[in-house]
Amino acid sequence: MTAWQPFKSTAEAKWDHRQIVHLHRRTVFGPSWAEVERDAASSAEDAVNRILTGECRTEGVPGDFEILANLIGDSATTSRNVDRLKAWWIYRCLFSPDPLQERLTLMWHNHFATSHRKVDSLNLMMAQNATLRRHCRAPFGDLLRDMMQDPALLIWLDAEANRKGHPNENLARELLELFTLGIGHYSEDDIKAAARALTGCTVRDGGFHFERSRHDADATTIFGQTAVWDPGSLADTLLKQPAVAGRLAWRLVQEFFGEGVVGEAEHNELAQQLQRSGLNIGAAVETMLHSELFFSEANIRSRVSDPMSFLIAPLRAFEMTQQPPSTLLLANWLKRMGLDLFYPPNVGGWDGGRAWLNTRTVIARTNYVAATVRGQLHYPAAPTDLKAVALNHGCRSFPQFIETLFAVNPPHVPVDDAAEAFVRLMAQPIAHLH
Amino acid sequence: MQNRRRFLQAAPLMSLAPAWPDFLSAAAMASEPQRDERILVVVQLSGGNDGLNTVIPYADENYAKYREKLRVPTTQIIRLNDSLGLHPALKAAGELFDYGRLAIVNGVGYPNPSRSHFRSMAIWHSARLSSEDHNGHGWLGRAADSVRTTPSPSADAIFVGDGNIPAAIVGRRARPIALNSEKELTLAADLATPTSPDSSDDLASFVQGTVASSYAAARRFSDSTATSGPGNVTYPSSGLGQKLNLMAKMIRLNTGTRIFYVEQTGYDTHSSQKFSHERLLREFATSLKAFLDDMNASGFGDRVTVLTFSEFGRRVQENASAGTDHGTSGPVFIAGESLNAGMHGVYPSLADLEDGDLQTTVDFRTIYSALLTDWLEIDSVLTPGSEFPPLKLYQT
């Protein structure tokens, strides 16, 4: 693969703090000082591998993370309070030993964007989230087949109403347009026939149920192929369409690259790799993160920082994992920054990119940073001594610390009040790029 | 990439000395924005409103035939003329119609309709049919671009809501802002506004401009005491009512912004439509009337027009789950004091459907033309190489 050749550090292509912070912000929300130092002392290849294999975090990871996360998740679903489910996911992003898994799960939540607004069941939203996480690096077919039987998605897209003789096209349309092929790769007749193939899929007692009596077993034509279809054979045929690899390549590039960095040739090559590998998502992510293109100057600071990264980065940098802030409050801030977990704006998901920034979200971002460093995310309020964190690591100065971890020029303010200096730093336009 | 690097290295981006963006500098403040210009408010009904149960062809026998479960009984329909009437939940809109404050345009759509929410909404937002032209810019964004002066004294457009800013009001240079509640315009820190970068990098300029206009909006809002209303209008406590209430406050600030946008979601009624659709229509009509009454009482009545549209109507034949699937054309409402109220356009025949859907009798771009040229008085080309004569919505 010529377009995706691996990154090798040279005199021109440096492997330094700038590239390390770039890698961590793009993929795992943001690094701590010790993680940057560790990566600087190793090769880029090893640093990327640590992210891919879930070994990139050196601190703030509880030994019994999965047990704790499951406890928090279970009590969230029994609480009937959706804000606690949002808080649970933020807990995972902040503390997981494998934050790339959370990044990819967020990507799939955006891809199969399902809203609790209509599903109205924390158990089903949680179950969908587990499915997305379980298959986040898997061959796409594994994920797609499970999602086609995912109760939350089926409720969201009116599967219950889709019956023999009375097709409801909602699920079929989004399956073709958004989840697999993309607009322009199917006809209206394909949608109508796909809807008939999906008749009978429904939810019973909180689980998937195929109601054979409602299934339309007449032969129809999809992509020029006439057959008696069922959901399984529809999935098989969909997954054979070359457009799926193109759409997945687009999704992955949207998630991991800056504006205009990946050209048509690179995009096509990535799609071809996906096609050859049986739509293996993990392998494609590996190719992308190891690539020269990923570490190219054009890709650094070339996209608007997404809300989750903006939320987590200062918490990791200032090691607030020891006395973590209220994840419920964090969930509320995340919403104000435009990412209301489990409530995508519509079935198309969040637009992302520049759409993350508008008056409301810019002010929310600034106010979030202020609330964080002033200790207002804790009960009772507990400001973090930012300077002490820096000096503990033997940093020459506080400005050097934040310049390293946030890769921006420190503001020209007296650092006596480190917290206020940091608020000003994060209010710079450049702080919204990563 | 050279430009971006230069931007990154251009320290300090923020200094101790407060640096005002160009448009708030003394020179810019000296040239006051026009304070008496006309304002366009857009209410977007998202999801595809069932036009057939909004403006109802009650005299057509086919209506009852296609809508076995969902038909509104003739006796309950608010009759507007001898063939058409409003859904009873639109009582407040009926009052606007009776007093000459509402124009209804029937059969509005475009050629070769798309039944995709996203594609169809993109067409309405951009006023361009080809997806290749859907570049994130919209008809009002382009209009704002064409009249934009530098430095611009005010936000070009304001979106009231918690979703993404709709492409309709995004332009190449026009900078829309968004807000959802008053507290969202209050900054927790006293911050200098960043200085302009010496950069032609598009992304860097975008971020710079967005941050600067956001801080400027916060400062302006906190400085103002001019937002309180006359106090004799009660808005519904619903989402749309409260958004229009906040919008009215922004309009009373009278900063020169001429384009306002709000969204009411939930119209994608594939199943059990009756009560949800009724609730949405009631919320829409009562909120709209409160807003227009408020504008009248505040002295803005003659300056405000409200356009209401949805990305498509729904299938004529209801589906088996007492809902309706994605369809084609539908009615558009235009409300305000200074317009040719009443019915416009021919209601598509239920006896002459196209593939089970209503035909289009009015191209939506003729409405856009009227709003741009006859209301906002902005000359704007909606689609290169084609003309859309303005629908006669205003006396010119």
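The values are calculated or read from the model by the stated rules, or taken from the named source; none is laboratory data. None of these values were measured; they are calculated from a predicted model. Methodologically, a virtual Cβ is constructed for each residue, glycine included, from the backbone with ideal geometry; neighbour enumeration extends over all protein chains shown.
A few points about this structure:
- Residue within region B:330-341 that is touching a Pro at 6+ places or on another chain (Cβ under 9 Å), more than 12 Å from every other protein chain (Cβ to nearest Cβ) and either over 24 Å from residue B:287 (Cβ atoms) or in contact (Cβ under 8 Å) with a residue 60 or more places away in the chain (or both) present: no
- Wholly within region A:1-89, helices (runs of 4 or more DSSP H) carrying at least 3 residues that are at pLDDT 95 or above, buried (at least 21 other Cβ atoms within 10 Å of the Cβ) and of a type outside the set (A, V, I, L, M, F, W, C): A:17-28
For (1) at pLDDT below 95; (2) within 19 Å of the chain's Cα centre (by Cα), each residue gets a yes or a no:
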site: B:285; (1), (2): no, yes
site: B:295; (1), (2): no, yes
site: B:305; (1), (2): no, yes
site: B:310; (1), (2): no, yes
site: B:318; (1), (2): no, no
site: B:332; (1), (2): no, yes
site: B:356; (1), (2): yes, no
site: B:363; (1), (2): no, yes
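- Residue match in region A:315-325 (condition: surrounded by fewer than 23 Cβ atoms within 10 Å (Cβ to Cβ), modelled with pLDDT of 95 or more and more than 14 Å from chain B (Cβ to nearest Cβ)): no
- Of the helices (runs of 4 or more DSSP H) lying entirely inside region A:92-170, those carrying at least 3 residues that are within 18 Å of the chain's Cα centre (by Cα) are A:99-111, A:122-134, A:140-147.
- When residue B:271 is tested against (1) away from chain A (no Cβ under 12 Å); (2) under 30 Å from residue B:348 (Cβ atoms); (3) touching a Ser or Thr at 6+ places or on another chain (Cβ under 6 Å), exactly one condition is not met: (1).
- The single condition among (1) away from every other protein chain (no Cβ under 12 Å); (2) within 17 Å of residue B:118 (Cα to Cα); (3) not in a helix (DSSP H, G or I) that residue A:184 does not meet is (1).
- Selection within region A:291-312 - assigned to a helix (DSSP H, G or I) and either among the aromatic types (Phe, Trp, Tyr) or at positive phi (or both): A:294, A:295, A:310
- Total residues in region A:349-358, condition of a type outside the set (D, E, K, R), part of a loop (DSSP other than H, G, I, E, B) and at the interface with chain B (Cβ under 8 Å from one of its Cβ atoms): 3
- Apart from one condition, residue B:244 fits all of (1) crowded, with 20+ Cβ neighbours inside 10 Å; (2) within 14 Å of chain A (Cβ to nearest Cβ); (3) touching a Leu at 6+ places or on another chain (Cβ under 8 Å); (4) modelled with pLDDT of 85 or more; the exception is (2).
- Given (1) in contact with a helix residue (DSSP H, G or I) (Cβ under 6 Å, 6 or more places away or on another chain); (2) within 19 Å of residue A:400 (Cα to Cα), index of the condition residue A:5 fails: (2)
- A search for C-beta distances below 8 Å between a residue of region B:293-322 that is within 11 Å of another protein chain (Cβ to nearest Cβ) and any residue that is among the acidic types (Asp, Glu) and assigned to a loop (DSSP other than H, G, I, E, B), counting only pairs 6+ apart in sequence or on different chains, returns B:315/B:325; B:318/B:68; B:319/B:325; B:321/A:158.
- Residue in region A:291-298 that is in contact with a Pro (Cβ under 6 Å, 6 or more places away or on another chain) and more than 14 Å from chain B (Cβ to nearest Cβ) present: no
- Given (1) part of a loop (DSSP other than H, G, I, E, B); (2) closer than 30 Å to residue B:249 by Cα; (3) touching a helix residue (DSSP H, G or I) at 6+ places or on another chain (Cβ under 6 Å), number of the condition residue B:395 does not satisfy: (3)
- Some residue of region B:368-386 being buried (at least 19 other Cβ atoms within 10 Å of the Cβ) and assigned to a strand (DSSP E or B): no
- Residues of region B:105-148 that are of a type in the set (Phe, Trp, Tyr) and buried (at least 21 other Cβ atoms within 10 Å of the Cβ): B:124, B:139.
- Checklist (1) within 16 Å of residue A:319 (Cα to Cα); (2) of a type outside the set (S, T, N, Q); (3) touching a strand residue (DSSP E or B) at 6+ places or on another chain (Cβ under 9 Å) applied to residue A:383, failing item: (3)
- Counting the residues of region A:313-348 that are assigned to a loop (DSSP other than H, G, I, E, B) and of a type in the set (D, E, K, R) gives 2.
- Those residues of region B:57-91 which are aromatic (Phe, Trp, Tyr) and in a helix (DSSP H, G or I), in sequence order: B:63, B:66
- Lone unmet requirement of (1) assigned to a helix (DSSP H, G or I); (2) within 16 Å of residue B:329 (Cβ to Cβ) for residue B:94: (2)
- Test result for residue B:50, acidic (Asp, Glu) and touching a strand residue (DSSP E or B) at 6+ places or on another chain (Cβ under 6 Å): yes
- Top-ranked residue in region A:372-389 [being in a helix (DSSP H, G or I) and without any contact (Cβ under 8 Å) to a residue 40 or more places away in the chain; ranked as farthest from the other protein chains (Cβ to nearest Cβ)]: A:388
- Hits in region A:252-266 - residues which are surrounded by fewer than 17 Cβ atoms within 10 Å (Cβ to Cβ), within 22 Å of the chain's Cα centre (by Cα) and part of a helix (DSSP H, G or I): A:254
- Residue within region A:282-301 that is surrounded by 22 or more Cβ atoms within 10 Å (Cβ to Cβ) and either over 20 Å from residue A:7 (Cα atoms) or in contact with a strand residue (DSSP E or B) (Cβ under 8 Å, 6 or more places away or on another chain) (or both) present: yes
- Being of a type in the set (A, V, I, L, M, F, W, C) and within 13 Å of chain B (Cβ to nearest Cβ) holds for only one residue in A:138, A:152, A:113, and it is A:113.
- Hits in region A:112-131 (condition: surrounded by fewer than 22 Cβ atoms within 10 Å (Cβ to Cβ) and either closer than 17 Å to residue A:352 by Cβ or of a type in the set (Asp, Glu) (or both)): A:113, A:115, A:120
- Residue list for region A:275-289, restricted to those being touching a residue at least 12 places away in the same chain (Cβ under 8 Å), in a helix (DSSP H, G or I) and under 19 Å from the mean Cα position of the chain (by Cα): A:281, A:282, A:284, A:285, A:286, A:287, A:288, A:289
- Residue selected from region A:329-363 under the condition of a type in the set (A, V, I, L, M) and surrounded by fewer than 21 Cβ atoms within 10 Å (Cβ to Cβ), by the criterion farthest from residue A:257 (Cα to Cα): A:329
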